[in-house]
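The values are calculated or read from the model by the stated rules, or taken from the named source; none is laboratory data. Fair warning: this is a prediction, and the values are worked out from it, not measured in the lab. Cβ atoms come from the backbone with ideal geometry, glycine included; neighbour counts cover every protein chain shown. We work out accessible area using only protein heavy atoms, side chains counted, and drop any ligands, DNA or RNA first. Shrake-Rupley method; radii C 1.70, N 1.55, O 1.52, S 1.80 Å.
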Amino acid sequence: QVQLVESGGGLVQAGGSLRLSCAASGSTFRFIGMGWYRQAPGKQRELVASIISGDTTNYPGSVRGRFTISRDNAKNTVYLKMNSLKSEDTAVYSCNLIYSLSLGGRTYSIWGQGTQVTVSS
């Protein structure tokens, strides 16, 4: 069993920065990939950053150059560094982990509880 614990959300002024953390705990697992998603009221959930084994990353144009996803293998933690924040970035941010418990084993997908990010203009 693996669980995700998110932290780092809060209220920040436009132009400021935040770093979100998503820490995995529980059973030993093999990392496959991680994605950060966000959802604002009345809008569709969207992927804002992803990282896979080998540290290949991907970002949509709306956040590229401002957001950075990174991984600390020793801490089993993935971070989302958000710079130059805008009011349009206000949303609930959630992390999604794709993992397996053994080489060639079943693939699992789990979500964190979500954390609110509010950017004041």
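Keeping every protein chain present and rolling a 1.4 Å probe, give me the accessible area per residue for segment 1-95 in Å².
That works out to 53 Å² for each residue.
Can you compute the charge dipole magnitude of segment 49-121 about its Cα centre, using +1 on each Lys and Arg Cβ and -1 on each Asp and Glu Cβ, nothing else charged? Give it in debye, rounded to the nearest 20.
Dipole size: approximately 60 debye.
Taking the Cα atoms of segment 17-57, what is the range of coordinates along each of the three principal axes, in descending order and whole Å?
Answer, in whole Å and largest first: 37, 23, 23 Å.
Per 10 Å bin, what percent of the C-alpha pairs of the chain does each bin hold, from zero upward?
The percentages, shortest bin first, are 14, 47, 30, 9, 1.
Take the solvent-accessible surface of the protein heavy atoms, probe 1.4 Å, and return the percent of it on segment 2-121 that carbon and sulfur atoms account for.
Reported share for carbon and sulfur atoms: 48 percent.
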